[in-house]
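Report on the following structure.
Where a number appears in this text, it was derived from the coordinates with a stated rule and is not lab data. Everything numeric in this text was worked out from a predicted model, so none of it was measured. Cβ placement follows ideal geometry from the backbone for every residue including glycine, while neighbour counts extend to all protein chains displayed.
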Amino acid sequence: MEAPPDVKCPNCTSQMGPKDVNGMTVFLCSNCGHFVMNQEAFNKLVNLQVEEHTHEVPEEESVHCPGCNGAMPKAEIGDGGVDVCHHCHMVHTDRDAMEYIATNENEDKTILGFVFKLDEARNIHNAQHIRAMTNTLVNSAFVLYKNGLLLTSYSVNTNEDMDHDIMGGMIMAITDFVQISFKDFCQDSCLESITFKGKEIAFTHGDYIIVAIQVDGKLDDETRAKLDSKLKEIEANNKDYLHSWSGDVTELGSTIEEFSSILLPLKG
């Protein structure tokens, strides 16, 4: 896909980064999770001619192509919204739309593999993006449900052997051990930090979610406050859902993207 040097997200105008997903070049937005890809590749992937579903929308309701900056007609594929630039042959959409198309409009379930690979690529992209933008070197981050189940994570070291689910369980075991061992001294407090040889695991606690971030150095108070604020916002938006969640990660669907946004304050 011929793309401009700077690809701005049509949804939020943040910088997008190119990633290879199943042999296709996809430009990912680390801020909102939307992506842009070649129209021909998209048509082949979903087994549809997306241009046959397009219709013009009012200027104020349209997004603009990152290639030519022209208004992008919208294609409605069931409940899956897709924006198409006929001039640059680009398609803009998000994970929700792809998941809908995969489960409702396309009998070839290989598209679900693309969605999962897209999640993986976005996690890697986020890790690299955050590492470049923050003064604190973030090595890894984990978003965990209060019972220890891993909701989402990323690591700068994408080749590490440690399974993130196992790592998440170990982190919860450490926090539980500290809370039990020092219960007489921290009855109303939660573990906030573990430091060792110039590294820190910083914790942010909500009513249902715990965020653990492993950094070189120490997480500054301003970033910690931003993380705490974002965590409270996400929990407020999903309070009923989190309160009654069965623990089955497959039930989360696209909600996992909202949990991933807890980590956005790390971008400064």
Sequence of E99, E233 once ranked by neighbouring C-beta atoms within 10 Å, starting from the fewest: E233, E99
Arranged by the count of other C-beta atoms within 10 angstrom, fewest first, what order do S193, S14, S30, S153 take? S193, S14, S153, S30
Express in nm, to one decimal, how much length is gained between E61 and C190 on full extension, taking 0.36 nm for each residue of separation and deducting their alpha carbon distance. 41.9 nm
Determine, for D6, D94, the number of other Cβ atoms within 10 Å of each Cβ, and report the residues in order from fewest to most. D6, D94
Residue by residue, what Karplus-based ³J(HN,Hα) values in Hz, rounded to whole numbers, does segment 14-19 have, using 6.51, -1.76 and 1.60 with θ = phi - 60° and x for Gly and Pro? 6, 5, 10, x, x, 9
T110 paired with I166, simple spin-label distance in nm, labels 7 Å along Cα-to-beta-carbon: 3.2 nm
I'd like the FRET efficiency for N47 and K232, computed as 1/(1 + (r/R0)^6) with the beta carbon distance as r and R0 of 30 Å, rounded to 0.05. 0.10
